Amino acid sequence: MCYVTYDEAFFILVTDFSTYFFPNIVTKTTFLKSYVYMTEITDQECILKILDGDTQKYAVLVNRYKNFVYTLVLRMVKNKEDAEEVSQDTFIKAYKSLHKFKGESKFSTWIYSIAYHTCLDNLKKTKRKQKTITINEYTEHQIKSLDNVLDTMEREEKKLAIQNCMQLLPSEDSFLLTLYYFEDLTIDEIAKIVHLKSNNIKVKLFRSRKKLTSVLKERLSPETIEHYAYRRK
């Protein structure tokens, strides 16, 4: 059996849609070289070069955001095959609409927003039943206490604990919490991504954190919580 790495698999996706939508834009050499080049150019500079005709620079943006876009999408659609398709659609839509990007927000905010709404379209199309989580009556203090426990955990351990719980949460909650915990976005930035007011995001995030607290309380042993809570003091 032949296995490919994630980057190789994503390159296949990139070349597939580039062949169909914009032939000769992304070559394998360009794709690999962009790993080096991507650290030497800003998003806005890259976009200006693409719009000016240097379309192969789109590989830089793909490399820069493919991992987190895929993570966000997977959190929502809960299925690897669908996540690959939606990620591909996201980058296609972003490329075709690049001339509309005015730089009023970060490019990451813009493409995460495209990913979010592409996910919503996918969920409507597949009519996948959403998970439901009972929201216990946790107080803000209790939720903050669990945040403190997560802050104290080792980075990889915290990441694994949250990732394992994300799959058990409804799609939108998973998406918002991924932006909140892994991308460290502000309320205003998240609001721009999902096209809602900041106050609405505050309410949604609070409810999402309550759901995550419910799941974490079930999956983290009391000893683990006590251990990290003690270390926090």
Between ARG207 and LYS124, what FRET efficiency follows from the Cβ-Cβ distance if R0 is 25 Å, with the result rounded to 0.05?
0.70
Fewest first, what order do LYS202, LYS100, LYS66 take by the number of other Cβ atoms within 10 Å?
LYS100, LYS202, LYS66
Per-residue Cβ neighbour rank within 10 angstrom, fewest leading, GLU172, GLU45:
GLU45, GLU172
Expected unfolding gain across LYS49-LYS217 under the 0.36 nm per residue rule, minus the alpha-carbon gap, is 55.6 nm
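Can you give the FRET efficiency for GLN163 and HIS117, using 1/(1 + (r/R0)^6), R0 = 30 Å, r = Cβ-Cβ distance, to the nearest 0.05? List each step's numbers first, then the result.
Values: r = 23 Å, r/R0 = 0.78.
Rounded to the nearest 0.05, the efficiency is 0.80.
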Karplus-derived 3J(HN,Hα), 6.51/-1.76/1.60, for each residue of region 195-202, Hz, glycine and proline x
6, 10, 6, 4, 5, 5, 5, 4
How do PHE101, PHE175, PHE107 rank when sorted from fewest to most other Cβ atoms within 10 Å of their own Cβ?
PHE101, PHE107, PHE175
From the phi angles alone, apply the Karplus equation (6.51, -1.76, 1.60; θ = phi - 60°) to region 46-51 and give each ³J(HN,Hα) in whole Hz, x where the residue is Gly or Pro.
5, 4, 4, 5, 5, 5
So between ASN67 and ASP184, what do we pick up on full extension, going 0.36 nm a residue minus the alpha carbon distance?
40.5 nm
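All of the numbers you see were taken from the coordinates with simple rules; none came from a lab. Note that the structure is predicted; figures quoted are calculated from it, not measured. Note that each Cβ is placed from the backbone with ideal geometry, even for glycine, and that neighbours are counted across all protein chains shown.
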